[in-house]
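Asker: Sharing a structure, written as structure tokens. Questions coming.
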Amino acid sequence: MIHRFPVLLHQGHDHGGQAHSHDSNNSQGNGSGARLTLAFFLTAAFLLVELATGYWTNSLALISDAFHMLSDTLALGLSAWAARVSLRRPTPEKTYGFKRFEVLAAFANAMLLGVFGVTIAFKAATRLWAPQAVNAEPMLIVAVLGLLLNLGIFFWIRYAGKKHGGHSLNEEGVLWHVAGDALGSIAAIAAGSIMVWTGWMRADAIAGLMTAGVLFFGAQRVLRQSTHILVEGVPQGVDSATVREAMESFPQVRALHDLHLWTLSGRDLYLSAHFEVESGSLPESEVPRALRRELETRFGAQHVTLQAGPCGPDDCGNDCGNDRR
């Protein structure tokens, strides 16, 4: 016997006396916004020092590192803003809320990484062909200070994020900016040391190329991940075949179809599906509830919408018959 009345279950509201909360995501967002805001001000302050020193010493390695730090500053400002906006409650016009703003910020940061990488690579190639004199001693001092600052920001964001449940894709985009800047500082230190001891000025251009390579690597990684989320791809770490198998093997569930898995911020899992219910030991109206609890426990699903009932022209607007397995 098939249950003849569709049942809709949506996690996050009260169903039969069971309430579900999403406060953990809000606390993560608050912590992320505070970390990114402080990192923004620290980076912006040092950017001015590094840029001025780069032009004074005529060091492309330091100037390229300063421009990368400029991208860091823009990325941190955008990411801090997005982390705070993502905490806003849903509205009648934006029923999912604003969580997706963090992913949009990560996408924009990836594009910035690519643009700055192209700019630095072009300038470095030019200087490889026609090297210029560089005042290496002050360049070396500022590069060391920049490295210390970037390492401090990187480990602070990374480990503070893990302590509070993991960092978002938005923060990961920022971490790639900061990591690239730290490696740029290391390259500038190496180039400065070579120029001080040997006078070989092409070391400055090579350091710029190394920084550009790190930027390109980080850009493609964050761009790929953010695009996957924006096109509603299955969240990282979730296997759709395993989820389907678990649902199809659940007692009294048959003809599972229209299964969708997606995420808004990269930290949450949304799931929707349509299936038919057979009679058995559980009351037919309790099967979707029990299945929802199983999905919560086993896969960490935070937002589950299940429709239980027949799939015919009068019951379901989707072409469910072609999705049955």
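Asker: Tell me, in nm to one decimal, what length is gained between residue 49 and residue 159 on full extension, where the rule is 0.36 nm per residue of separation less the Cα-Cα distance?
Answerer: Numbers: separation 110, 0.36 × 110 = 39.60 nm, distance 2.72 nm.
Gain in length upon complete extension: 36.9 nm.
Asker: Ok, one more. By counting other Cβ atoms within 10 Å of each Cβ, how are 35, 221 ranked from fewest to most?
Answerer: Details: 35 24, 221 15.
Result, fewest neighbours first: 221, 35.
Asker: Then there's this: Normalise the Debye intensity by I(0) for the range 236-323, one equal point scatterer per Cα, no solvent, then take log10 at q = 0.15, 0.18, 0.23 Å⁻¹ and round to two decimals.
Answerer: At q = 0.15, 0.18, 0.23 Å⁻¹ the computed log10 ratios are -0.55, -0.78, -1.20.
Asker: Follow-up. Gain in length, residue 285 to residue 272, computed as 0.36 nm per residue apart minus the alpha-carbon separation, to one decimal in nm?
Answerer: Working: separation 13, 0.36 × 13 = 4.68 nm, distance 1.73 nm.
My answer for the length gained is 2.9 nm.
Asker: Still on this model: Need one number: % antiparallel among DSSP beta bridges in the range 236-323, to the nearest 5.
Answerer: Values: 6 of 12 bridges.
Rounded to the nearest five, the antiparallel share is 50 percent.
Asker: Can you sort 200, 81 from fewest to most other Cβ atoms within 10 Å of each residue's own Cβ?
Answerer: Going from sparsest to densest Cβ surroundings: 200, 81.
Asker: In what sequence do 172, 248, 102 fall when counting other Cβ within 10 Å, fewest first? Could the numbers behind the result be given before it?
Answerer: Numbers: 172 23, 248 14, 102 29.
Exposure proxy ranking, most exposed first: 248, 172, 102.
Asker: Same structure again: Search the structure for amide H atoms under 5 Å from the amide H of residue 97, placed 1.01 Å from N in the peptide plane, and list their residues when 5 or more places away or on another chain.
Answerer: Distant-sequence amide H within range of residue 97: 91.
Asker: Can you give the relative contact order of the range 236-323 as a percent, counting alpha carbon pairs under 8 Å and 6+ residues apart? Can you show the working numbers first?
Answerer: On the way: 112 pairs, mean separation 25.0, N = 88.
Reported as a whole number, the value is 28 percent.
Rule-based calculations on the coordinates, nothing more; no lab input. Given the structure is predicted, the values throughout are model-derived calculations rather than measurements. All Cβ positions, glycine included, derive from the backbone under ideal geometry; neighbour counts span all protein chains shown.
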